[in-house]
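J.: Dropping a structure here in structure tokens format, bear with me for questions.
Nothing in this text is a laboratory measurement; each read-out follows from the coordinates by a stated rule. Since the structure is predicted, the reported quantities are computational estimates derived from the model, not experimental observations. Positions of Cβ are backbone-derived with ideal geometry, glycine not excepted, and every protein chain shown enters the neighbour counts.
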Amino acid sequence: MKALMCKEFAPFNNHKVIEVEAPAMKHGHVRLKIHAAGVNFPDILMVQGQYQIKPPFPFIAGAECAGEVIETADDVTNVKVGDRVAALPGVGCFAEEAVIPAMGLVPISDKMSYEEAAGFVMVYATSYHALKDRADIRAGETMLVLGAAGGVGLTAVELGKKMGLNVIAAASTQEKLDICKEYGADHGINYTTEDLKARVRDITGKGADIVYDPVGDAFAEPALRSLKWGGRYLVIGFAAGQIPKVAFNWMLLKELDVRGIHWGAWIPKNPKKHIENMTELMAMYEKGEIKPRISGTHKLENFADAMTALTERKVMGKVVLTMG
């Protein structure tokens, strides 16, 4: 089978898709014929040795995918051959096949394309966990979303609006802000031409109740300072590449909460809650209440083009790889 094999840490465009042996079946696992795989910033960081998780070499890159079950181990009872599923094993997805733990599979709607499914689980489940389980949201509150047109940011806009929040989308171009408006944003801030903190104050009067930050870097401080008394700052990730350093006195002066969101680590500690969240998200999709946005698709061999689009901030929604 073809796969993006990582034999050493290096810039992402130094890696290659090569022919490798298909992985052997294991107890409790299934063999998945992968149709599409979502591309995320952690995938780029991982192959470059910049992610907190460093798999042993050699490893196949790619955290999430969707496809068809083509083989099951004898002890697997929750899925069968022919089932359409999404998976988030963390590695192994940038390939034509993968052997994946059966208990981690998510059945997907017949209405959902493999491309949509490949870009669904990580971003929607992260945002839903952040807003439902961590943010203590109340209807009518205001949330500022940084990187709002990106994969995870756009789901925060969409879900935040559905959950009764007033949403301020912050992005780098008017085109991206227009997409955010389509997904429910009440206001937009172009943070390449506008003062983020000042605009939030202009819109809200007293400041935002919640900041949703998957970006980090230089935007963290003005976003933190835009919060009102008792506001909550949700740390989702660091897509800009730099982990921000902020002064603790800002948290003290306005009794702010900074809340980390580590959805992947939360799942094994709360498996039933995770299943509940995914069931609710799939129900929303079935009803047409949420709609994944695929920014672009690339063949597996052209993975570097997809990763370049991410690093150059050209993606609005999710970018996916297709196999075959």
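J.: Work from the charge dipole of the range 123-261 (Cβ charges, +1 for Lys and Arg, -1 for Asp and Glu, about the Cα centre) and give the residue of G147, T204, V167 farthest towards its positive end.
T.: Working it through, the farthest residue towards the positive pole turns out to be T204.
J.: Something else: Give the total of Lys-Lys pairs in the range 123-261 with Cα-Cα distances below 12 Å; include a pair only if its members are 8 or more places apart or on different chains.
T.: Pairs that pass both the separation and distance tests number 7.
J.: Of A309, P214, A86, whose Cα points farthest to the positive end of the dipole of the chain (charges on the beta-carbon: +1 Lys, Arg; -1 Asp, Glu; origin at the Cα centre)?
T.: Going by the charge dipole, the pick is P214.
J.: Taking the number of other C-beta atoms within 10 Å as the exposure measure, put M25, M143, M1, M323 in order starting with the fewest.
T.: Ranked by crowding around the Cβ, least crowded first: M25, M1, M323, M143.
J.: Testing the spin-label approximation: label points 7 Å from Cα along Cα→Cβ at K299 and A22. State their distance in nm.
T.: So the two model labels end up 2.1 nm from each other.
J.: Taking volume of the Cα convex hull per residue in Å³ straight from the coordinates, which label in [x] 126; [y] 173; [z] 141 is the correct one?
T.: Given [x] 126; [y] 173; [z] 141, the calculated one carries the label [x].
J.: Report the antiparallel proportion of the DSSP beta bridges in the chain as a percent, rounded to a multiple of 5.
T.: 55
J.: Near the amide H of H35, under 5 Å away, which other amide H atoms are found, from residues 5 or more places off or on another chain, if H is placed in the peptide plane?
T.: A66, G67, E68
J.: Among S226, S127, S113, which comes first, second and so on when ranked by fewest other beta-carbon atoms within 10 Å?
T.: Result, fewest neighbours first: S113, S226, S127.
J.: Work out the FRET efficiency for D178 and D74 from their Cβ-Cβ distance, taking R0 = 41 Å, and round it to the nearest 0.05.
T.: Working: r = 52 Å, r/R0 = 1.27.
E between D178 and D74, to the nearest 0.05, is 0.20.
J.: How big is the charge dipole of the chain about its Cα centre, in debye rounded to the nearest 20, if each Lys and Arg gets +1 on its Cβ and each Asp and Glu gets -1 on its Cβ?
T.: Working: 37 positive and 39 negative charges, 154 e Å.
Dipole of the chain, to the nearest 20 debye: 740 debye.
J.: Let me ask another. Around G288, under 15 Å between beta carbons, what's the net of Lys plus Arg minus Asp minus Glu among the other residues?
T.: My count for the surroundings of G288 gives -1.
J.: Oh, and also: What ranking, highest mean first, results for peptides 156-165, 2-11 when packing means the other Cβ atoms within 10 Å averaged over each residue?
T.: Working: 156-165: 22.8, 2-11: 17.4.
Averaged packing, sorted descending, gives the order 156-165, 2-11.
J.: Oh, and also: At what distance in nm do the modelled label points of R201 and N14 sit from each other, each positioned 7 Å from its Cα along Cα→Cβ?
T.: Distance between the two pseudo-spin positions: 4.6 nm.
J.: Where does the chain land at 222 nm, in deg cm²/dmol rounded to the nearest 500, when only DSSP H runs of n ≥ 4 count, each adding -39500 (n - 2.57), divided by all residues?
T.: Working: 11 runs with 93 residues, N = 324.
After summing the helix terms and dividing by the residues of the chain, the value is -8000 deg cm²/dmol.
J.: Explain nothing, just compute: Karplus ³J(HN,Hα) = 6.51 cos²θ - 1.76 cosθ + 1.60, θ = phi - 60°, for every residue of the range 52-67 in order, whole Hz, x for Gly and Pro.
T.: Values, residue by residue: 5, 9, 10, x, x, 7, x, 9, 8, 6, x, 8, 9, 7, 9, x Hz.
J.: Another one. Going through the range 93-140, which trypsin sites (Lys or Arg not before Pro) have at most 14 other Cβ atoms within 10 Å and a DSSP loop state?
T.: Of the trypsin sites (Lys or Arg not before Pro), the ones in loops of the range 93-140 whose Cβ has at most 14 other Cβ atoms within 10 Å are K111, R138.
J.: If a cysteine in the chain has no other Cys Cβ under 4.7 Å from its own Cβ, put it on the list, ordered by number.
T.: C6, C180
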